[in-house]
Amino acid sequence: MNSLSIESKILRFALVATVFLFVGCQSTVDADPPKRTITFIDAQKFDNELTSSLKQLNEPVSVNFHNPVTPNQIPPRIDKWLAAVEKSGGKINISTPVGEPTPKDPMFLFGLFSGLWNAIKTLRGEITSYPIDDAVKNKNVNISLERNAQGNLFIQKIEFQPKDLKK
């Protein structure tokens with residue numbers, strides 16, 4: 001009778017241990033849910049949110065800023081994303097403020113944003129260290145510009161758009 005109670009205890013222990021094992025193995029989703037609009041913060045959390053959103057959504061994903069950012073002072077973290085888009089064959093378009101005449105000479109516009117383009121070219125070699133290449137495949141970027149009350153040019157938003165998106 002004594003051996004039966006020991007076997008019973010072992011069986012109960014094994015059953016409880018198995019239940020705890022299965023409960024402990026239950027997976028949780030740590031990935032950030034996709035968002036259509038992400039506010040830029042210079043942290044890995046931003047990269048995680050943008051990666052998740054670009055991979056899961058087949059619609060435009062916008063990045064906006066807490067503080068005004070000029071076209072020539074784009075944060076390095078954003079530069080890396082723009083360089084990755086260009087590297088993957090995507091186009092980067094710049095939308096001038098509503099109501100402003102569009103320059104007839106494209107070199108004028110290019111000169112206005114030379115800091116941006118030079119930064120993108122410089123950062124091309126650094127992209128391999130960032131796991132964002134898959135997220136920006138088949139994406140284009142539109143940088144929307146605005147003027148504030150003082151007349152200064154700033155970036156209203158940066159929008160990552162699927163290449164196959166029809167407007």
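The values are calculated or read from the model by the stated rules, or taken from the named source; none is laboratory data. All of these numbers come straight from a predicted model, not from anything done at the bench. Glycine gets a Cβ as well: all are built from the backbone with ideal geometry, and neighbour counts include every protein chain shown.
Yes or no, residue by residue, for (1) of a type outside the set (Phe, Trp, Tyr); (2) surrounded by fewer than 18 Cβ atoms within 10 Å (Cβ to Cβ); (3) under 11 Å from the mean Cα position of the chain (by Cα):
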{"site": "42", "(1), (2), (3)": "yes, yes, no"}
{"site": "46", "(1), (2), (3)": "no, no, yes"}
{"site": "50", "(1), (2), (3)": "yes, no, yes"}
{"site": "55", "(1), (2), (3)": "yes, yes, yes"}
{"site": "66", "(1), (2), (3)": "yes, yes, no"}
{"site": "73", "(1), (2), (3)": "yes, yes, no"}
{"site": "81", "(1), (2), (3)": "no, no, yes"}
{"site": "89", "(1), (2), (3)": "yes, yes, no"}
{"site": "94", "(1), (2), (3)": "yes, yes, no"}
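Taking only pairs six or more apart or across chains, which ones have beta-carbon atoms under 7 Å, a first residue in the range 75-101 that is over 20 Å from residue 49 (Cβ atoms) and free of Cβ contacts under 8 Å to residues at least 40 places away in the same chain, and a second residue that is hydrophobic (A, V, I, L, M, F, W, C) and surrounded by 15 or more Cβ atoms within 10 Å (Cβ to Cβ)?
Pairs that qualify, where the first residue is over 20 Å from residue 49 (Cβ atoms) and free of Cβ contacts under 8 Å to residues at least 40 places away in the same chain and the partner is hydrophobic (A, V, I, L, M, F, W, C) and surrounded by 15 or more Cβ atoms within 10 Å (Cβ to Cβ), are 86/92; 86/120.
Count, please, the residues in the range 1-60 that happen to be farther than 28 Å from residue 73 by Cβ, among the hydroxyl-bearing types (Ser, Thr, Tyr) and at pLDDT 65 or above.
The number of residues fulfilling the criteria is 3.
Every residue in the range 138-152 that is more than 16 Å from residue 79 (Cα to Cα) and either out of contact with any Pro (no Cβ under 7 Å at 6 or more places or on another chain) or of a type in the set (D, E, K, R) (or both), please.
146, 147, 149, 150, 151, 152
Identify, please: which residue in the range 101-110 is surrounded by 12 or more Cβ atoms within 10 Å (Cβ to Cβ) and in a helix (DSSP H, G or I) and is, among those, modelled with the lowest pLDDT? Before you say what the answer is, go through the steps one by one.
In the first step, residues of the range 101-110 are kept if they are surrounded by 12 or more Cβ atoms within 10 Å (Cβ to Cβ); the result is 103, 109-110.
Now narrow it down to the ones that are in a helix (DSSP H, G or I): 109-110.
On the way: 109: 50, 110: 45.
Looking at residues that are surrounded by 12 or more Cβ atoms within 10 Å (Cβ to Cβ) and in a helix (DSSP H, G or I), I get 110.
From the list 166, 80, exactly one residue is at pLDDT below 95, over 21 Å from residue 35 (Cβ atoms) and not polar (S, T, N, Q). Which is it? Give the derivation first.
Working: 80 fails: over 21 Å from residue 35 (Cβ atoms).
Only one candidate qualifies: 166.
Just to check your reading of the model, which residue among 92, 132, 120 is at pLDDT 90 or above and closer than 29 Å to residue 56 by Cβ?
On the way: 132 fails: at pLDDT 90 or above; 120 fails: at pLDDT 90 or above.
Within the list 92, 132, 120, the selection yields 92.
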